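The values are calculated or read from the model by the stated rules, or taken from the named source; none is laboratory data. Just so we're clear, the structure is a prediction, and the values are computed from it rather than from any experiment. Positions of Cβ are backbone-derived with ideal geometry, glycine not excepted, and every protein chain shown enters the neighbour counts. With ligands, DNA and RNA removed, areas are computed over all heavy atoms of the protein, side chains included. Shrake-Rupley method; radii C 1.70, N 1.55, O 1.52, S 1.80 Å.
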Amino acid sequence: MSELEQLIANSKANEAISKKLFEIETEVLTSNSSDELLQRLLNSIKTKFNLTNIRLLLVDPTPISFLINENIKSYWYQQNTTSVTHKQLKKYHLNNKPYLTDNIQELLVNFSQETLGTGQSFALTPLILENKLFGSLLFTDIDKTRFTPNLGTFHLEQLAVKVSLCLSNVLAREQLEYIANYDRLTGLANRRLMEASITEELIRQRRYGVSFAVLFIDCNKFKKINDTYGHDCGDQVLVYVAQTLKQLIRENDRCFRYAGDEFVVTLASQNYKEALMAAKRLCQYFIDNPMPYEGKQLPITITCGAAVSDGALNMNELLKKADQQLYMNKKMTEFETE
């Protein structure tokens, strides 16, 4: 092959690669969530470039403040990404350049065999944002000649830039949505989502006649806990109560942080008697399970008020009814303990 023919062949190959990169970018730009973006991205790259496998390596803890909140990690995400340390990745991206090798031993010192799979050659493509290395795309192929150290990396660098920007944009938007709908301290859905959820329940009840109940909950003597142990302890109490409530309710029930030390739980398809039983069970659990704190067991208890929707009450009336019962139950408890 003459030099001119070689140049033409290289030009055609580069054009084909550029076309594939453009198609990948077009696909991922329409993604509405990080989960959707990652699925499209990894599947598209694997298919278009006929790779044996592709995996996303993400630095943990991430150096980018808004990236990957624990509460929005999906099952798919957990199955297709691997957490690595910054030190591990930096060994292969000293100049923030892709790293190619046909020697698996060079990678086994830092990554497991499960991560590397059956590959015989590998390409690590760095993902960089705000001048910080936050991850890498690991391409693997059973062809030992696919990724060799002398192979050019221009197209891999192009791909890395596109992926970094697309992923960061989607994650930033997703994080803003999370902040708008979830309480950052406890991880529970906030009052905004509560209102939307109860509204949906009311619509469902009026359409299909399916009842539901709400529990209004607050922590007993929370101010005293703050005054005695400090606000850091108070925050831990709120997290403990929130996560405990979330674990104790059924899968189709929902728990929200209403305000301060107040929480609301919606109980799907429950009548008043069942709601009272659920409230009793929750209260008893906290009595039986004090919160571990600084080597001690800190007694944390709650009071619940229950109300069941009859289809006529609006959301505010329903919550007020549960809150009134909470108030009466709290007064009764205080009277009994005096």
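The strands (runs of 3 or more DSSP E) located wholly in segment 263-319 that include 2 or more residues which are open to solvent by less than 10 Å² (accessible area, probe 1.4 Å) and touching a residue at least 12 places away in the same chain (Cβ under 8 Å) occupy 302-308. Confirm whether Phe139 is part of a loop (DSSP other than H, G, I, E, B), open to solvent by less than 30 Å² (accessible area, probe 1.4 Å) and touching a strand residue (DSSP E or B) at 6+ places or on another chain (Cβ under 9 Å). Here the answer is no, as Phe139 does not meet what is asked.
Being at pLDDT 95 or above, more than 30 Å from Gly295 (Cα to Cα) and polar (S, T, N, Q) holds for only one residue in Thr244, Thr266, and it is Thr266.
In the set (1) without any contact (Cβ under 8 Å) to a residue 60 or more places away in the chain; (2) of a type in the set (Asp, Glu); (3) surrounded by 14 or more Cβ atoms within 10 Å (Cβ to Cβ), the condition left unmet by Glu201 is number (1). Considering only segment 82-120, state which residues are among the hydroxyl-bearing types (Ser, Thr, Tyr) and either within 12 Å of Ile54 (Cα to Cα) or part of a loop (DSSP other than H, G, I, E, B) (or both). Scanning segment 82-120 gives Thr82, Thr85, Tyr92, Ser112, Thr115, Thr118.
In segment 91-107, the residue that is most open to solvent (accessible area, probe 1.4 Å) out of those that are in contact (Cβ under 8 Å) with a residue 40 or more places away in the chain and within 18 Å of Leu159 (Cα to Cα) is Lys97.
Before we move on, is Gly209 touching a Phe, Trp or Tyr at 6+ places or on another chain (Cβ under 9 Å) and either hydrophobic (A, V, I, L, M, F, W, C) or surrounded by fewer than 20 Cβ atoms within 10 Å (Cβ to Cβ) (or both)? No.
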